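Participant: Pasting a structure below so you can have a look.
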Amino acid sequence: MKIKTLLFSLLGFTVFAQDYHLTQMDKTMTIWNPSATSMNQGFEKISLQNRNQWLGAGTQFMTSYGMGEFSIGKTKKSDKAYAGIGVFFSNDVGGDSKMSQKSFGTSVSGHLPLAKGHWLSAGIQTAFCNRSADFSRLLYYSQWNGSSLDPNVYSGEANDFTSFSYLDAGLGLNYRYIPGNKPNLSAGQLAFLGGFSIAHANSPKLNYNSLNTDRLFRKYCFNTQVKYAFDDKSSMEVSVIQLIQGPHAETILGLLYRSKLRGNSEITNMVHSQSVVAGLYFRSTGTIAPYVALTFGSVDLGLSYDYDIGPISTAYRHSVEVNFAYTFMKKSVFKGSRLR
């Protein structure tokens with residue numbers, strides 16, 4: 001078991017050297033495509049997401065994310081250009097060495113109506129990031145005492161990992177079509193979203209130790225999302241996200257079905273809407289993730305469960321991801337404007 005623990009720690013370093021990975025990437029679009037900031041149906045939005053990866057692996061890998069989005073100049077009919085500002089944090093920690101990647105940043109977006117229902121959005125992002133680890137927590141083969149790995153045996157390995165910080169930057173574009181600028185689709189209507197973004201656009205330096213300096217690969221992200229309403233109470237959502245970072249590539253496909261339990265109030269629009277969502281995510285790495293979510297007016301709560309079926313499944317195969325969002329739909333927290 002201790003040998004496996006060491007291997008998982010080393011695997012954690014490999015993942016760490018690239019970037020964090022999430023299944024519900026469409027729920028965290030604002031962190032990798034800043035043009036999505038404030039691209040929601042309300043005024044402000046608070047989002048939280050947490051991923052517990054490789055359950056039962058003998059060591060813990062955890063990714064947490066949070067963001068607050070604010071709009072400037074957004075009207076109750078959403079028919080004029082407006083700006084969005086976001087403040088976010090992320091924390092990715094894993095392995096026995098507690099290797100972590102922390103970031104705190106801001107994003108700014110602009111949303112321009114091209115025609116009724118047609119929008120073009122652009123955004124930029126900057127973040128302060130820190131990476132750290134404690135290799136003294138690891139066990140090495142040199143600490144084998146004949147029957148087990150003994151932490152009291154001198155390993156001969158230097159704990160030369162240097163904690164370091166750097167500035168990160170990103171940019172993105174999105175085009176979206178919403179029939180009649182209305183958030184709720186009628187029977188037979190289709191909504192579309194498509195975009196492109198570059199994360200780590202400045203390719204920041206990674207000073208893992210005093211001898212070597214690596215650079216974080218730029219991450220190129222392509223996103224497409226299509227929503228189709230079968231009738232006033234049910235709809236299908238298909239999303240495709242393509243990620244390319246250095247020599248690595250990953251495709252995430254989402255198929256979600258939404259059924260309304262309760263319609264919208266004619267007075268307050270979406271505030272009293274209730275619905276249930278169920279579907280699947282597929283990752284090209286060999287992962288199937290059932291997903292279920294509930295919407296109660298301004299509150300969204302979703303859960304996905306990753307089941308790995310690829311080569312990696314011989315070592316670990318289970319991960320859990322939870323998302324929570326609260327959207328201020330009725331009025332802005334900063335002014336008296338209301339969405340009607």
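Participant: Outside any helix (DSSP H, G or I) and either at pLDDT 90 or above or over 19 Å from G105 (Cβ atoms) (or both): does that describe S9? Please lay out each step first, then the result.
Facilitator: On the way: outside any helix (DSSP H, G or I): no; either at pLDDT 90 or above or over 19 Å from G105 (Cβ atoms) (or both): yes.
Spelling it out, it is not the case that S9 is outside any helix (DSSP H, G or I) and either at pLDDT 90 or above or over 19 Å from G105 (Cβ atoms) (or both).
Participant: Filter the stretch 30-57 for residues that are out of contact with any helix residue (DSSP H, G or I) (no Cβ under 6 Å at 6 or more places or on another chain), more than 28 Å from Y175 (Cα to Cα) and outside any strand (DSSP E or B); which is modelled with the lowest pLDDT?
Facilitator: G56
Participant: Restricting the search to the stretch 185-195, which residues are surrounded by 17 or more Cβ atoms within 10 Å (Cβ to Cβ) and within 24 Å of the chain's Cα centre (by Cα)? Break it down stepwise before answering.
Facilitator: Taking the stretch 185-195 as the starting set, the residues that turn out to be surrounded by 17 or more Cβ atoms within 10 Å (Cβ to Cβ) are 185, 191, 193, 195.
Result: A191, L193, G195.
Participant: What is the residue count in the stretch 292-305 for residues that are farther than 14 Å from N50 by Cα and among the aromatic types (F, W, Y)?
Facilitator: Adding up the residues that qualify gives 1.
Participant: Further question on the same structure: Being crowded, with 19+ Cβ neighbours inside 10 Å, touching a Lys or Arg at 6+ places or on another chain (Cβ under 9 Å) and either among the small types (G, A, S) or modelled with pLDDT under 95 (or both) is the filter here; which residues of the stretch 102-126 pass it?
Facilitator: Here is the first cut: in the stretch 102-126, the residues crowded, with 19+ Cβ neighbours inside 10 Å are 103, 105, 107, 109, 111, 119, 121, 123, 125.
Subsequent filtering for residues that are touching a Lys or Arg at 6+ places or on another chain (Cβ under 9 Å) retains 111, 119, 121.
Within the stretch 102-126, S121 is the sole residue that qualifies.
Participant: May I pose another question? Taking the condition in contact with a helix residue (DSSP H, G or I) (Cβ under 6 Å, 6 or more places away or on another chain), at pLDDT below 90 and not in a helix (DSSP H, G or I), does T23 pass?
Facilitator: Details: in contact with a helix residue (DSSP H, G or I) (Cβ under 6 Å, 6 or more places away or on another chain): no; at pLDDT below 90: yes; not in a helix (DSSP H, G or I): yes.
Here the answer is no, as T23 does not meet what is asked.
Participant: Which of the residues that make up the stretch 230-242 are assigned to a strand (DSSP E or B) and without any contact (Cβ under 8 Å) to a residue 60 or more places away in the chain?
Facilitator: Taking the stretch 230-242 and keeping what is assigned to a strand (DSSP E or B), we get 234-242.
Across the stretch 230-242, the qualifying residues are S234, S235, M236, E237, V238, V240, Q242.
Participant: Can you find even one residue in the stretch 58-79 that is hydrophobic (A, V, I, L, M, F, W, C), within 30 Å of A191 (Cβ to Cβ), out of contact with any helix residue (DSSP H, G or I) (no Cβ under 8 Å at 6 or more places or on another chain) and surrounded by fewer than 21 Cβ atoms within 10 Å (Cβ to Cβ)? Before you say what the answer is, go through the steps one by one.
Facilitator: Let us first name the residues in the stretch 58-79 that are hydrophobic (A, V, I, L, M, F, W, C), namely 61-62, 67, 70, 72.
Pick out the ones that are also within 30 Å of A191 (Cβ to Cβ) and you get 67, 70, 72.
The next check asks that each one be out of contact with any helix residue (DSSP H, G or I) (no Cβ under 8 Å at 6 or more places or on another chain); those that pass are 70, 72.
Filter once more, keeping what is surrounded by fewer than 21 Cβ atoms within 10 Å (Cβ to Cβ): 70, 72.
For the stretch 58-79, residues hydrophobic (A, V, I, L, M, F, W, C), within 30 Å of A191 (Cβ to Cβ), out of contact with any helix residue (DSSP H, G or I) (no Cβ under 8 Å at 6 or more places or on another chain) and surrounded by fewer than 21 Cβ atoms within 10 Å (Cβ to Cβ): present.
Participant: Condition first: within 22 Å of G84 (Cβ to Cβ), in contact (Cβ under 8 Å) with a residue 40 or more places away in the chain, aliphatic (A, V, I, L, M) and not in a loop (DSSP other than H, G, I, E, B). Now tell me which residues in the stretch 174-229 satisfy that.
Facilitator: Correct list: A199 only.
Participant: Output the number of residues of the stretch 196-220 satisfying the condition of being surrounded by 15 or more Cβ atoms within 10 Å (Cβ to Cβ), farther than 30 Å from R258 by Cα and not hydroxyl-bearing (S, T, Y).
Facilitator: Looking only at that region, the number is 12.
Participant: In the stretch 264-281, which residues are modelled with pLDDT of 95 or more and either surrounded by 14 or more Cβ atoms within 10 Å (Cβ to Cβ) or of a type in the set (S, T, Y) (or both)? Break it down stepwise before answering.
Facilitator: Taking the stretch 264-281 and keeping what is modelled with pLDDT of 95 or more, we get 276-281.
Residues satisfying the conditions are V277, G279, L280, Y281.
Participant: Does the stretch 220-241 contain any residue that is at pLDDT below 95 and in contact with a His (Cβ under 9 Å, 6 or more places away or on another chain)?
Facilitator: The answer is no; no qualifying residue exists.
Participant: Considering only the stretch 92-100, I want to know if a residue exists there that is farther than 16 Å from W32 by Cβ, without any contact (Cβ under 8 Å) to a residue 40 or more places away in the chain and touching a helix residue (DSSP H, G or I) at 6+ places or on another chain (Cβ under 8 Å).
Facilitator: Taking the stretch 92-100 and keeping what is farther than 16 Å from W32 by Cβ, we get 93-100.
Checking which are without any contact (Cβ under 8 Å) to a residue 40 or more places away in the chain leaves us with 93, 98, 100.
From what is left, the residues that are touching a helix residue (DSSP H, G or I) at 6+ places or on another chain (Cβ under 8 Å) are 98.
Yes, that holds for at least one residue.
Participant: Which one of A249, A199 is of a type outside the set (K, R), farther than 30 Å from L185 by Cα and in contact with a Cys (Cβ under 8 Å, 6 or more places away or on another chain)?
Facilitator: Details: A249 fails: in contact with a Cys (Cβ under 8 Å, 6 or more places away or on another chain).
Step by step, each of A249, A199 is checked, and only A199 is of a type outside the set (K, R), farther than 30 Å from L185 by Cα and in contact with a Cys (Cβ under 8 Å, 6 or more places away or on another chain).
The values are calculated or read from the model by the stated rules, or taken from the named source; none is laboratory data. Fair warning: this is a prediction, and the values are worked out from it, not measured in the lab. Don't worry about glycine lacking a Cβ; one is built from the backbone with ideal geometry, like all the others, and counts go over all protein chains shown.
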